[in-house]
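Note sheet for the following structure.
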Amino acid sequence: MLILFAGYSTVGKYTFGLSLSLLIISLAPALREIRISVKSLELELDDFEETSAP
(Lines give C-alpha, C1' and ligand atoms only; values in the text may rest on other atoms or scores of the structure.)
Protein backbone atom coordinates (compact mmCIF):
# COMPACT_ATOMS: atom_id res chain seq x y z
CA MET A 1 0.00 0.00 0.00
CA LEU A 2 2.80 2.37 0.89
CA ILE A 3 4.39 1.81 -2.51
CA LEU A 4 1.13 2.77 -4.24
CA PHE A 5 0.81 5.93 -2.16
CA ALA A 6 4.43 6.84 -2.93
CA GLY A 7 3.57 6.97 -6.61
CA TYR A 8 5.18 3.74 -7.80
CA SER A 9 2.02 2.27 -9.24
CA THR A 10 3.64 -0.40 -11.44
CA VAL A 11 5.87 -1.73 -8.65
CA GLY A 12 2.96 -1.48 -6.23
CA LYS A 13 0.69 -3.50 -8.48
CA TYR A 14 3.26 -6.28 -8.84
CA THR A 15 3.97 -6.28 -5.11
CA PHE A 16 0.26 -6.47 -4.34
CA GLY A 17 -0.20 -9.27 -6.88
CA LEU A 18 2.70 -11.21 -5.40
CA SER A 19 1.41 -10.82 -1.86
CA LEU A 20 -2.08 -11.90 -2.93
CA SER A 21 -0.65 -14.95 -4.70
CA LEU A 22 1.36 -15.92 -1.62
CA LEU A 23 -1.72 -15.53 0.54
CA ILE A 24 -3.69 -17.87 -1.71
CA ILE A 25 -0.82 -20.37 -1.70
CA SER A 26 -0.68 -20.29 2.10
CA LEU A 27 -4.36 -21.13 2.19
CA ALA A 28 -3.65 -24.64 0.83
CA PRO A 29 -1.78 -25.94 3.91
CA ALA A 30 -4.39 -24.36 6.17
CA LEU A 31 -7.17 -26.20 4.36
CA ARG A 32 -5.15 -29.42 4.56
CA GLU A 33 -4.78 -29.01 8.32
CA ILE A 34 -8.52 -28.42 8.67
CA ARG A 35 -9.25 -31.62 6.73
CA ILE A 36 -6.85 -33.56 8.97
CA SER A 37 -8.51 -32.14 12.08
CA VAL A 38 -12.00 -32.97 10.83
CA LYS A 39 -10.94 -36.55 10.07
CA SER A 40 -9.42 -36.84 13.54
CA LEU A 41 -12.60 -35.57 15.16
CA GLU A 42 -14.68 -38.01 13.14
CA LEU A 43 -12.51 -40.89 14.33
CA GLU A 44 -12.79 -39.74 17.95
CA LEU A 45 -16.56 -39.40 17.71
CA ASP A 46 -16.88 -42.84 16.12
CA ASP A 47 -14.82 -44.31 18.94
CA PHE A 48 -16.91 -42.44 21.50
CA GLU A 49 -20.15 -43.76 19.98
CA GLU A 50 -18.83 -47.33 20.01
CA THR A 51 -17.82 -47.18 23.66
CA SER A 52 -21.01 -45.50 24.83
CA ALA A 53 -23.40 -47.82 22.97
CA PRO A 54 -25.27 -50.22 25.28
Next on the checklist: Quick check on GLU49: is it modelled with pLDDT of 90 or more, of a type in the set (Asp, Glu) and either in contact with a strand residue (DSSP E or B) (Cβ under 9 Å, 6 or more places away or on another chain) or assigned to a helix (DSSP H, G or I) (or both)?
Outcome noted: no
Checklist entry - Looking at (1) modelled with pLDDT of 95 or more; (2) surrounded by 10 or more Cβ atoms within 10 Å (Cβ to Cβ), which is the only condition GLY17 fails? => result (1)
Item to check | Candidate set: segment 1-14, residues that are surrounded by 10 or more Cβ atoms within 10 Å (Cβ to Cβ) and among the β-branched types (Val, Ile, Thr); chosen: the one modelled with the lowest pLDDT | outcome: ILE3
Checklist entry - Do we have ILE25 as surrounded by 10 or more Cβ atoms within 10 Å (Cβ to Cβ) and in a helix (DSSP H, G or I) here? => result no
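The values are calculated or read from the model by the stated rules, or taken from the named source; none is laboratory data. Since the structure is predicted, the reported quantities are computational estimates derived from the model, not experimental observations. Don't worry about glycine lacking a Cβ; one is built from the backbone with ideal geometry, like all the others, and counts go over all protein chains shown.
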